[in-house]
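Undergrad: Mind looking over this structure? Questions follow.
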Amino acid sequence: MLLPYDDTYFMKKALQEAEYAFEAGEVPVGAVIVVQDRIIARAHNLTEKLNDVTAHAEMQAITSAANFLGGKYLKDCTLYVTLEPCQMCAGALYWSQIGKIVYGATDEQRGCRVMGTTLHPRTKMIGGILADEAASLLQQFFVEKRK
Ligand SMILES: [Zn+2]
């Protein structure tokens, strides 16, 4: 039987991470890194817990994946992240030479595309996978924060 290992499958795993962040009072962004249909890193935003503005989900995932692989480059990996990466994360992903980036919701203000960040020439990027789910989790978070 063929297992449904497609972009939606892995984005659901990233959304699960975003939910963990939500429950912990963190801006709900989650990420997983996949190589050959296997998840090698799972992470979510930890900026509150670590008191560190650089503790975005992608940054945690990059470090974790490199540790798992025992090498710093992620050329054969795909990153699934629930929100379009920011400039910092896109920069880190540039250095990792990651093969592919798949994101959920678009970040109209601080996303790497509107900011004009350059990706590594070997990196492919697609967006909009389970975008509504990712965006509604973020909206819910900020609505509850304002209460
Ligand atoms: Zn970021």
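Undergrad: For the list (1) more than 13 Å from the ligand (Cβ to nearest atom); (2) more than 16 Å from A18 (Cβ to Cβ); (3) outside any loop (DSSP other than H, G, I, E, B); (4) open to solvent by 20 Å² or more (accessible area, probe 1.4 Å), I need the number of the one condition that K145 fails.
TA: Failed condition: (2).
Undergrad: May I ask you to list pairs of residues, at least six apart or on different chains, whose Cβ atoms are under 6 Å apart, with the first in segment 30-54 being within 19 Å of G104 (Cα to Cα) and the second being assigned to a loop (DSSP other than H, G, I, E, B) and at pLDDT below 95?
TA: Going by the 6 Å Cβ cut-off, the qualifying pairs are D37/Y5.
Undergrad: Name, by its number, the condition in (1) open to solvent by less than 50 Å² (accessible area, probe 1.4 Å); (2) closer than 22 Å to T117 by Cβ that does not hold for L15.
TA: Against the list (1) open to solvent by less than 50 Å² (accessible area, probe 1.4 Å); (2) closer than 22 Å to T117 by Cβ, L15 comes up short only on (2).
Undergrad: Report, by residue number, each residue of segment 30-86 that is within 16 Å of the ligand (Cβ to nearest atom), open to solvent by 60 Å² or more (accessible area, probe 1.4 Å) and part of a helix (DSSP H, G or I).
TA: Passing the criteria: only T63.
Undergrad: For segment 89-114: of the residues being within 11 Å of the ligand (Cβ to nearest atom) and either of a type in the set (V, I, T) or over 26 Å from D6 (Cβ atoms) (or both), which is least open to solvent (accessible area, probe 1.4 Å)?
TA: G91
Undergrad: Conditions first: (1) over 23 Å from D6 (Cβ atoms); (2) over 15 Å from the mean Cα position of the chain (by Cα). R122 passes all but one, so which condition is the exception?
TA: Here R122 meets the rest and fails (1).
Undergrad: Right, something else. If we scan segment 128-147, do we find a residue that is of a type in the set (D, E) and modelled with pLDDT under 95?
TA: yes
Undergrad: Of these, V29, V35, which one is over 17 Å from T82 (Cβ atoms) and either among the hydroxyl-bearing types (S, T, Y) or touching a Leu at 6+ places or on another chain (Cβ under 8 Å) (or both)?
TA: Values: V29 fails: over 17 Å from T82 (Cβ atoms).
Testing whether each residue is over 17 Å from T82 (Cβ atoms) and either among the hydroxyl-bearing types (S, T, Y) or touching a Leu at 6+ places or on another chain (Cβ under 8 Å) (or both) leaves just V35.
Undergrad: Hey, another quick one. List every residue pair whose Cβ atoms sit under 9 Å apart, with the two residues 6 or more apart in sequence or on different chains, where the first one lies in segment 118-141 and is touching a residue at least 12 places away in the same chain (Cβ under 8 Å) and the second, anywhere, is of a type in the set (K, R) and not in a strand (DSSP E or B).
TA: Going by the 9 Å Cβ cut-off, the qualifying pairs are R122/K75; M125/R113; G127/R113; L130/K12; E133/K12.
Undergrad: Taking only pairs six or more apart or across chains, which ones have beta-carbon atoms under 8 Å, a first residue in segment 91-116 that is under 21 Å from A18 (Cβ atoms), and a second residue that is part of a strand (DSSP E or B) and open to solvent by 60 Å² or more (accessible area, probe 1.4 Å)?
TA: K100/K124; K100/I126; I101/K124; I101/I126; V102/I126; Y103/I126
Undergrad: Looking at segment 1-15, I want the residues that are assigned to a loop (DSSP other than H, G, I, E, B) and have a partner that is of a type in the set (A, V, I, L, M, F, W, C) and modelled with pLDDT of 95 or more with Cβ atoms under 9 Å, at least 6 apart or on another chain. Which pairs are those?
TA: Y5/V34
The values are calculated or read from the model by the stated rules, or taken from the named source; none is laboratory data. Not measured: the values here are computed from a predicted model. Cβ sites come from the backbone with ideal geometry, for glycine too, and all protein chains shown count toward neighbours. We work out accessible area using only protein heavy atoms, side chains counted, and drop any ligands, DNA or RNA first. Shrake-Rupley method; radii C 1.70, N 1.55, O 1.52, S 1.80 Å.
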